[in-house]
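The values are calculated or read from the model by the stated rules, or taken from the named source; none is laboratory data. Remember, it's a predicted structure, so these values are computed and weren't measured experimentally. Cβ sites come from the backbone with ideal geometry, for glycine too, and all protein chains shown count toward neighbours.
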Amino acid sequence: MATLQLARTPADTSTPRRAFLHQLEGRSPFASIGPNWFASVMGTGIVANAAATLPPSVRDVVPGLLYAARAVWLLDVVLLVVVVTATALHWRHHRETARGHLDDPVMSHFYGAPAMALMTVGAGALLVGVPVVGEPAAVAVDAVLWTAGTLLGLGTAVAIPRKAITSHHYEPSSASGGWLMPVVPPMVSAATGPLLIPHLPPGQWQLAMQVGCATMFGLTIVISLVMITLLVSRLVHHGPGPAAAVPTLWIVLGPLGQSITAAHTMGGSATGVLPAPYGRASEAFGLVYGLPMWGFAMLWLALAASLTVRTACTVPGGLPFSLSWWSFTFPVGTLVTGTSGLAVATGADVLVVAAATAYAGLVLAWVVVAARTARGVWLGGLLRAPA
């Protein structure tokens, strides 16, 4: 399986004085920009958003945490602009390559990333950006990005699986965590949409948002569990696969953690929108669903971590760096937001500690992956065509 051999940094045998983009050897830096680059926007934005959702007892222990989160959100806004601009230049000057991404049985799944990147930045505007841009601007930014991301995400949730069914051929050993990418955006919509409900007109507008988020929750969780089953079958019968594909196992945490988050945020908004007794029932569903699913997420976290460590320690060459390493960030971030929601709802100290621990791991992973990505871009290795 060739999953995410994409944009791997080649071995650097140059002299210590490394020139800017020297590994491109004169080729265009925009020639191979794919939708997987939006994973860097997702992975950066979730660091800010997750900080805002941490239990108050954790935020109070770390002075300046929210200030740092605002700085990360501003960085993510810049990063989104850069990636969107690079993608536009790619489509303008390298159209055939761009169309090839849509036809590629691996890269096409990552067209779910742009939708999630838009909604991550939009949610950050309300969660941490209000002191920076003001509430009216933050609401407007989130409304625009959430709407655009939701429409795009609903499109990928239908179009990419349809293309996989009708145009691509997959072996039983091909199942990958990347298959989840085009179907997870509606769950991100479900998790972040309730942030906009207080800013919508009461009545049918708020009700439509609540109902829409609930249906998108169901859309993603059902198809995700089907795909996770296929992935488990592949792992059991064919092993973890190539080293470059192992980080994509962490993507499974995305729909799991995001669904826990969505159940919590939808429950919080439902009491003022849905008629009795369904509002209270939706609030209770946040725990009734969230705690058992959190247990499954912990199981998958342990499995993904053990296979990653095994690959890094036993496979020749270890775990090669590529854009797939961003799988260590956003999915873990959704686990943080989901755990934080459960901790706030229950007051359980064990969940507070779990949320803080997961967030510390998220920050560490982001620092490592962001630094490796920045180096790969500077040298040009990450901008090269796939191997």
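Computed values, structure above
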| read-out | value |
| --- | --- |
| Sole residue being in a helix (DSSP H, G or I), of a type in the set (A, V, I, L, M), modelled with pLDDT of 95 or more and surrounded by fewer than 24 Cβ atoms within 10 Å (Cβ to Cβ), chosen from M209, M187 | M209 |
| Candidate set from the stretch 322-362 (those that are within 14 Å of S40 (Cα to Cα) and in a loop (DSSP other than H, G, I, E, B)); member that is nearest to the chain's Cα centre (by Cα) | T329 |
| Filter pass, A243 being among the aliphatic types (A, V, I, L, M), over 25 Å from A345 (Cα atoms), surrounded by fewer than 24 Cβ atoms within 10 Å (Cβ to Cβ) and at pLDDT below 95 | yes |
| Neighbours by Cβ (under 7 Å, 6+ apart or cross-chain): first from the stretch 129-152, within 22 Å of M116 (Cβ to Cβ) and free of Cβ contacts under 8 Å to residues at least 12 places away in the same chain; second loosely packed, with under 15 Cβ neighbours inside 10 Å and among the basic types (K, R) | none |
| Hits in the stretch 47-78 (condition: touching a Ser or Thr at 6+ places or on another chain (Cβ under 6 Å) and part of a helix (DSSP H, G or I)) | A50, T53, D76 |
| Unmet criterion (only one of (1) touching a Phe, Trp or Tyr at 6+ places or on another chain (Cβ under 9 Å); (2) over 22 Å from V332 (Cβ atoms); (3) modelled with pLDDT of 95 or more) for A164 | (3) |
| Only listed residue being out of contact with any Ser or Thr (no Cβ under 7 Å at 6 or more places or on another chain), of a type in the set (S, T, N, Q), surrounded by fewer than 16 Cβ atoms within 10 Å (Cβ to Cβ) and closer than 21 Å to V273 by Cβ, chosen from T215, T192 | T215 |
| Subset tally (residues that are surrounded by fewer than 19 Cβ atoms within 10 Å (Cβ to Cβ) and free of Cβ contacts under 8 Å to residues at least 60 places away in the same chain) for the stretch 350-374 | 10 |
| Residue within the stretch 285-305 that is of a type in the set (S, T, Y) and under 30 Å from G34 (Cβ atoms) present | no |
| Selection within the stretch 153-184 - outside any loop (DSSP other than H, G, I, E, B), surrounded by fewer than 16 Cβ atoms within 10 Å (Cβ to Cβ), touching a residue at least 40 places away in the same chain (Cβ under 8 Å) and among the polar types (S, T, N, Q) | S173 |
| Selection within the stretch 113-136 - part of a helix (DSSP H, G or I) and surrounded by fewer than 24 Cβ atoms within 10 Å (Cβ to Cβ) | L126, V130, P131, V132, V133, E135, P136 |
| Residue match in the stretch 245-257 (condition: free of Cβ contacts under 8 Å to residues at least 60 places away in the same chain, under 20 Å from the mean Cα position of the chain (by Cα) and closer than 24 Å to T329 by Cα) | no |
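The rows are residues; the columns are (1) among the hydrophobic types (A, V, I, L, M, F, W, C); (2) surrounded by fewer than 24 Cβ atoms within 10 Å (Cβ to Cβ); (3) at pLDDT 95 or above.
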{"position": "M1", "(1), (2), (3)": "yes, yes, no"}
{"position": "Q5", "(1), (2), (3)": "no, yes, no"}
{"position": "P10", "(1), (2), (3)": "no, yes, no"}
{"position": "F20", "(1), (2), (3)": "yes, yes, no"}
{"position": "Q23", "(1), (2), (3)": "no, yes, no"}
{"position": "V41", "(1), (2), (3)": "yes, no, yes"}
{"position": "P55", "(1), (2), (3)": "no, yes, yes"}
{"position": "D60", "(1), (2), (3)": "no, yes, no"}
{"position": "Y67", "(1), (2), (3)": "no, yes, yes"}
